[in-house]
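The block underneath contains the structure these notes are about, expressed in structure tokens.
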Amino acid sequence: MESDTQEPIASTSGTQKPKKWAYTHKYQTAWESNAKFCKSISVSKKGDTHLHCRTCACDCKGGISAVQKHNSSKKHIELSSNGKVDSVFNMPSMIKQKAVLKNIKETEIRIVSFVVEHNIPINVSDHLVSLINSIQLQPKYLAKLTCDRTKCTAIINNVIATTGIEDLVNYLKTNKFSLLVDESTDISSVKILAMVVRTCQNFEVTDQFLTLLPVANATADSMHEAINHFFNSHEIPYQTNLIGFAADGANAMNHDG
């Protein structure tokens, strides 16, 4: 006997999808040791299931894969490129400027130490820095610069002194001047006559050393002859250009000629 009711038969035409399990990713402190994310992620205030991005102040739900996806987003990239510096003193330009200022201060201390070590007058420092600033040599050529005691003496005697006397003699040939003389004896008992000329250039009166003349004896005739010989040998018309003469009151300076 057949039953009037029939049980429904389950359809096997469709396949049932397997159920997905939801995995909750919690924040792990080990992620902070990752060099790619250690400066940008921290645990969110929403709980340990969210990550907080310090760059754009966003919260990401998920694990480290969610952070990687967020880091490649347009918003994060734009904010990262416009990120602010922690301090103005950490800017590259400020760091470079601080290094330059440090080198300048060290150089100033070395200059002052040089003046003190060699007992140089303090007034020289006013001109020493200007001299250093005027040096136009490149570092590779500056390393070849030498000026020891022997070379310095040779330059003074053969270059500066020779050129200075030539320029002064040429000026005395065409301009009026006054002569100041004084006789002395050096350490080797040689009698010498010092000659200084007073000139006026551009309404400025200056005294310039001319020369030292050895004399046979400290008589008026001997010194007069030495002066005349110097002027004549350098073709200086002293009889017309010499307008003043000064000497001390010694008897040797009195000459009737």
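Worth pointing out:
- For region 83-218, accessible area per residue (1.4 Å probe, heavy atoms of protein chains only), Å²: 80
- If the segment from Ala161 to Gln208 were pulled out straight at 0.36 nm per residue, it would be longer than the present Cα-Cα gap by 15.7 nm.
- In order along region 95-105, the phi-based Karplus estimate (6.51 cos²θ - 1.76 cosθ + 1.60, θ = phi - 60°) of 3J(HN,Hα) comes to 5, 5, 5, 5, 5, 5, 4, 5, 5, 5, 5 Hz; Gly and Pro are listed as x.
- The phi-based Karplus calculation (6.51 cos²θ - 1.76 cosθ + 1.60; θ = phi - 60°) puts the 3J(HN,Hα) values of region 167-180 at 5, 5, 5, 5, 5, 5, 5, 10, 9, 6, 7, 10, 10, 10 Hz, whole numbers, x for Gly and Pro.
- Largest-first principal axis extents, alpha carbons of region 119-257, Å: 63, 40, 30
- Across region 233-240, rounded Karplus estimates of 3J(HN,Hα) from the backbone phi angles (6.51 cos²θ - 1.76 cosθ + 1.60, θ = phi - 60°) give 5, 9, 6, 9, x, 5, 5, 10 Hz, Gly and Pro being marked x.
The values are calculated or read from the model by the stated rules, or taken from the named source; none is laboratory data. Quantities reported herein were computed from a predicted structural model and do not represent experimental measurements. Just so you know, the surface numbers come from the protein's heavy atoms only, side chains and all, with ligands and any DNA or RNA stripped out. Shrake-Rupley method; radii C 1.70, N 1.55, O 1.52, S 1.80 Å.
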